[in-house]
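These notes concern the structure reproduced below.
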Amino acid sequence: LRTIQQYHIFDITYVRCNVQILQHNLESLRIFSRRMTGFHSTVITFLSMAMFCSQTVAFQSNVAAPMMSKVTQTSELYSSMDAPRNAASSPEMKKKDLRTFQRFLEVECWKNGDIRDLDRTLLAVADACKQINRIVQRAQTDDLYGAAIDPLTGELAEENVQGEVQQQLDVLCNTIMLRAFCGASNNVVCAVASEEEPLPRSCADVMGYDTTEFNIMQSGEFVAVFDPIDGSKNIDSSLPVGTVFGIYRAPDGASSGKNGVNLDSFLQRGTKMVAAGYCLYSATTVLVLTLGSGVHGFTLDPDKQKFLQTHPNIRIPDVGSLYSFNEANYREFSEPVQQFLTSMKQSGTVGGKKVSSRYVGALVADVHNVLINGGIYGYPATRDNVNGKLRLLYESAPMAMIMEQAGGAGSTGHGRILDVAGKGIHVRVPTYLGSVENVYELEQCFKFYGEDD
């Protein structure tokens, strides 16, 4: 790929070539005009053209000289960008005095003894989010697009449990999150379930230990679930993507069952979740977390490479004018959803604000927008996907916990998402998240209009 310096040099070379061509044409015109002395009108015409070419040459010569000097100045500018600034000549912008994510965890985990051991795990997750953020930013220049290749066979990787061909980013980000939960948890997390893998795995298996015999890494109190990179197809268009995760307490430990994993530990209701969060990779990188006592947001400082608490105690408005649905599927939605959307659009204003539609196509980006501004996000059932497409364990339940902790609601259209007990780790549910008034109105539509057969 060309750098900006190479781009400037190309432009200057182009100008020089034009100057040389014009000089050559000027000389040809002078010779030709001397041979045509008998034709006065022709001579006058050619002399006029010669004067024009001469002026053009002079103009372009004057342009080329400063451009050449600009290349030198540009090169010096780029080479000095990383040099320390002189405080007297260019004072740095003043930074806010914000609490770090590490300090937040120290205090919150100290206040709540039940999750005191999770501070290291959550710090490791924050570090994993920083790594994924760098990977997302470098995907275009480091050729990380496209389907994953099996290193042993050199062929395309097999489809994942969702029936999708795994992308390079999916595989790489999945590995980072697995090692974050298992490698730095100090044996607190004993097993993990990923949206990219068909079955849960014990942390002993993730870290490469022998799982045929009991291992200390199978004795943790918690299990973790996550979607390593939601909306990975958005990266091709430089649109936002995100990571979603949740942590449950294993009721009877997770040291029994195949491969040291007790599947029942992952099939709990969302009300049993002790922590949930997501990381949004967009114009800024934002980590949002709840530990069961409110929701807090942290923005990654690009200079210090630390998450700083920029959104303490997030509260979603009780009602919002924003709705986030993929209306391209409107005709495939059930009648209650169609009636709700039609009613919202016809009302014109909700909560004193004009109704507005925003849909990015990445769960984390759309839900974050609703969380901050109020409104409702929905991924309804359709004729082809009767349970919607969002996974209860990895996406719907963690997001519902965050919404409820922020004063909002999460519903399937017939009740709380957090009250649903999954029958498998990849079960899908229709998902509606947002302000309590908006979600309430949606549920009323389901009660009044019922479901299509």
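The values are calculated or read from the model by the stated rules, or taken from the named source; none is laboratory data. All values derive from a computational prediction rather than experimental measurement. Here the Cβ is made from the backbone with ideal geometry for all residues, glycine too, and neighbour counts use every protein chain on show. For accessibility, only protein heavy atoms count, side chains too; no ligands or nucleic acids. Shrake-Rupley method; radii C 1.70, N 1.55, O 1.52, S 1.80 Å.
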If you go through the range 316-326 one residue at a time, how many are open to solvent by 20 Å² or more (accessible area, probe 1.4 Å) and under 22 Å from the mean Cα position of the chain (by Cα)?
1
Flagged in the range 412-440 as in a strand (DSSP E or B), crowded, with 24+ Cβ neighbours inside 10 Å and without any contact (Cβ under 8 Å) to a residue 60 or more places away in the chain, in numbering order, are Thr431, Tyr432
Positions within the range 294-344 being in contact with a helix residue (DSSP H, G or I) (Cβ under 9 Å, 6 or more places away or on another chain) and among the acidic types (Asp, Glu), in sequence order
Asp318, Glu327, Glu335
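Within the range 276-290, track down each residue that is in contact with a strand residue (DSSP E or B) (Cβ under 7 Å, 6 or more places away or on another chain) and either crowded, with 24+ Cβ neighbours inside 10 Å or within 23 Å of Val136 (Cβ to Cβ) (or both).
To start, the set of residues in the range 276-290 that are in contact with a strand residue (DSSP E or B) (Cβ under 7 Å, 6 or more places away or on another chain) comprises 276-281, 284-290.
Passing the criteria: Ala276, Gly277, Tyr278, Cys279, Leu280, Tyr281, Thr284, Thr285, Val286, Leu287, Val288, Leu289.
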When residues of the range 240-275 are filtered for being open to solvent by 20 Å² or more (accessible area, probe 1.4 Å), outside any loop (DSSP other than H, G, I, E, B), modelled with pLDDT of 85 or more and in contact with a strand residue (DSSP E or B) (Cβ under 7 Å, 6 or more places away or on another chain), how many remain?
3
Against the conditions (1) open to solvent by 10 Å² or more (accessible area, probe 1.4 Å); (2) closer than 30 Å to Pro198 by Cα; (3) touching a residue at least 12 places away in the same chain (Cβ under 8 Å), where does Ser237 fall short? Just the number, please.
(3)
Which residues, taken from the range 295-311, are part of a loop (DSSP other than H, G, I, E, B) and either modelled with pLDDT of 95 or more or polar (S, T, N, Q) (or both)?
Gln305
What are the residues in the range 286-322 that are touching a Lys or Arg at 6+ places or on another chain (Cβ under 9 Å) and either acidic (Asp, Glu) or on the phi > 0 side of the Ramachandran plot (or both), if any?
Gly294, Asp301, Asp303, Gln305
The residue that is modelled with the lowest pLDDT, considering only those in the range 327-350 that are closer than 30 Å to Gly277 by Cβ, out of contact with any Pro (no Cβ under 7 Å at 6 or more places or on another chain) and open to solvent by less than 20 Å² (accessible area, probe 1.4 Å), is Met344
Output the residue which, of all residues in the range 225-239 that are touching a Ser or Thr at 6+ places or on another chain (Cβ under 8 Å) and charged (D, E, K, R), is modelled with the lowest pLDDT.
Asp230
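Table: residues versus (1) within 19 Å of the chain's Cα centre (by Cα); (2) within 19 Å of Leu322 (Cβ to Cβ).
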site	(1), (2)
Gly361	yes, yes
His368	yes, yes
Leu371	yes, yes
Gly375	no, yes
Asn385	no, no
Ser396	yes, no
Gln405	no, no
Ser411	no, yes
Ala421	no, no
